[in-house]
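Undergrad: Starting off with a structure, shown below.
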Amino acid sequence: MNTTTTTNATATFRSTATPSPVIRDLRAAIRSEWIKLRSVRATTIFAGLSIVIGVAMSLILGAVVKTDPYEHLPFTIGNTFLVSIWITTLFAVVAGTLLFTSEVQHGTLAGALTSRPSKPIIVAAKTSVAAVLGLGMGALGIVGGLVGGIASGMDTGDTSGAIPGVAWALVLTTLASVLGVGVGLIVRHSAAAVTAVLVWALAVETLVRGILPATVTRLLPFTAAHGLTGTRSATDTPEALAAALSNVANALVIGLWAAGAVVIGTALWIRQDS
């Protein structure tokens, strides 16, 4: 009787502990994507750019510009160590697009689909890896900003908002890389995807902000990114600043754009061969 009970308990434990086929496939897909991420040269380039830009921008502000043109106060480490996050965000979106488009152009997706034919699982794995990549790039950018600020000889300044500022910056770069995956899924060509991201972020949204009311433009992804980092644009009007969303709302806007792009891109990819 005891032997039977023990056997049944062991069988129950094994059936509970054994993950479902979907979980096993997802783990294998994430492991595969992680190996690819570590092995490609682009990862090192983006990581290096994140920290170099962070150092350079803080050095320039502390040693060359020195005074905030908006507040007319000296720059300090407290208000400059996150200044490079906007550019890091652009890099994170580009890096996310390449996670998918580079495989399309090199034809390696066929092998992945042969060994693991579920497209949603591949997308989920790429999205997970992209989030980690964006998080890492954001952390490196912040470290670079701190190093540059210290090297420039700036005063420490007010650091009371440093912890929430770092947290929101990391949320931004994490979501930005996921947004990039969605753009890559939709466009599927590296050069076109990167161009679309840069033109949209640097030109289209700037033009739209000058045409539409601030209550509409604040819902655009890179405008929300500006709000989340606390950076200002020369085209920002008092009305735009007054209509700015909270950090939680800005993060929600970016998250919805990222989720929407991934969902639409996945649906298009699935439908491609259906």
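Undergrad: Looking only at region 26-80, how many residues end up being surrounded by fewer than 17 Cβ atoms within 10 Å (Cβ to Cβ) and closer than 20 Å to ALA151 by Cβ?
TA: Adding up the residues that qualify gives 11.
Undergrad: Please pick out the residue among LEU113, LEU49 that is farther than 19 Å from LEU172 by Cα and hydrophobic (A, V, I, L, M, F, W, C).
TA: Numbers: LEU49 fails: farther than 19 Å from LEU172 by Cα.
Residue meeting the stated conditions: LEU113.
Undergrad: Quick one: in region 84-110, of everything that is part of a loop (DSSP other than H, G, I, E, B) and at pLDDT below 90, which residue is surrounded by the fewest Cβ atoms within 10 Å (Cβ to Cβ)? Don't jump to the end; show me each part of the working.
TA: Applying the first criterion (part of a loop (DSSP other than H, G, I, E, B)) to region 84-110 yields 84, 107-108.
When the remaining residues are screened for being at pLDDT below 90, the result is 107-108.
Values: GLY107: 8, THR108: 12.
Applying the filter and picking the extreme gives GLY107.
Undergrad: Give the residue that is nearest to ALA251 (Cα to Cα), with candidates limited to residues of region 143-168 that are open to solvent by less than 30 Å² (accessible area, probe 1.4 Å) and either at pLDDT 90 or above or not hydroxyl-bearing (Ser, Thr, Tyr) (or both). Write out each step before concluding.
TA: Restricting attention to region 143-168, the residues satisfying the condition of being open to solvent by less than 30 Å² (accessible area, probe 1.4 Å) are 144-145, 148-149, 152, 154, 162, 165.
Now restrict to residues that are either at pLDDT 90 or above or not hydroxyl-bearing (Ser, Thr, Tyr) (or both): 144-145, 148-149, 154, 162, 165.
Values: GLY144: 23, GLY145: 22, GLY148: 27, GLY149: 27, MET154: 30, ALA162: 18, GLY165: 13 Å.
Across region 143-168, the extreme among qualifying residues is GLY165.
Undergrad: Can you spot a residue in region 242-256 that is touching an Asp or Glu at 6+ places or on another chain (Cβ under 8 Å), closer than 21 Å to SER84 by Cα and open to solvent by less than 40 Å² (accessible area, probe 1.4 Å)?
TA: Of the residues in region 242-256, the ones touching an Asp or Glu at 6+ places or on another chain (Cβ under 8 Å) are none.
No, the conditions are met nowhere in region 242-256.
Undergrad: Continuing with the same structure: Go through region 238-274 and give me each residue that's under 17 Å from the mean Cα position of the chain (by Cα) and among the polar types (S, T, N, Q).
TA: Within region 238-274, ASN247, ASN250 meet the criteria.
Undergrad: Right, next: Could you tell me whether any residue of region 213-221 is surrounded by 20 or more Cβ atoms within 10 Å (Cβ to Cβ) and within 15 Å of THR89 (Cα to Cα)?
TA: yes
Undergrad: Would you please name the residue that is modelled with the highest pLDDT, looking only at residues in region 201-252 that are farther than 25 Å from PRO164 by Cα and charged (D, E, K, R)?
TA: The extreme case among them is GLU205.
Undergrad: Moving on to the next point. Please find, within region 65-83, the residue that is farthest from VAL197 (Cα to Cα) out of those that are at pLDDT 85 or above and of a type in the set (A, V, I, L, M, F, W, C).
TA: ILE77
Undergrad: Does VAL171 count as at pLDDT 95 or above and open to solvent by 50 Å² or more (accessible area, probe 1.4 Å)?
TA: On the way: at pLDDT 95 or above: yes; open to solvent by 50 Å² or more (accessible area, probe 1.4 Å): yes.
Answer is yes for this residue.
Undergrad: Report the residue count in region 44-76 for those that are over 14 Å from GLY141 (Cα atoms) and either among the aliphatic types (A, V, I, L, M) or in contact (Cβ under 8 Å) with a residue 60 or more places away in the chain (or both).
TA: First pass over region 44-76, keeping only residues over 14 Å from GLY141 (Cα atoms): 60-76.
Narrowing the set further to residues that are either among the aliphatic types (A, V, I, L, M) or in contact (Cβ under 8 Å) with a residue 60 or more places away in the chain (or both) leaves 60-65, 70, 73-76.
The qualifying residues number 11.
Undergrad: If you don't mind, another one. If a residue counts only when it is in contact (Cβ under 8 Å) with a residue 24 or more places away in the chain and among the aliphatic types (A, V, I, L, M), which helices (runs of 4 or more DSSP H) contained entirely in region 111-222 have at least 3 such residues? Before the answer, list the steps.
TA: On the way: elements: 119-152, 162-187, 190-199, 205-209, 214-217.
Because the criterion is at least 3 residues that are in contact (Cβ under 8 Å) with a residue 24 or more places away in the chain and among the aliphatic types (A, V, I, L, M), the helices (runs of 4 or more DSSP H) in region 111-222 that meet it are 119-152, 162-187, 190-199.
The values are calculated or read from the model by the stated rules, or taken from the named source; none is laboratory data. All of these numbers come straight from a predicted model, not from anything done at the bench. Cβ sites come from the backbone with ideal geometry, for glycine too, and all protein chains shown count toward neighbours. Protein only, heavy atoms only, side chains kept; ligands, DNA and RNA dropped before computing areas. Shrake-Rupley method; radii C 1.70, N 1.55, O 1.52, S 1.80 Å.
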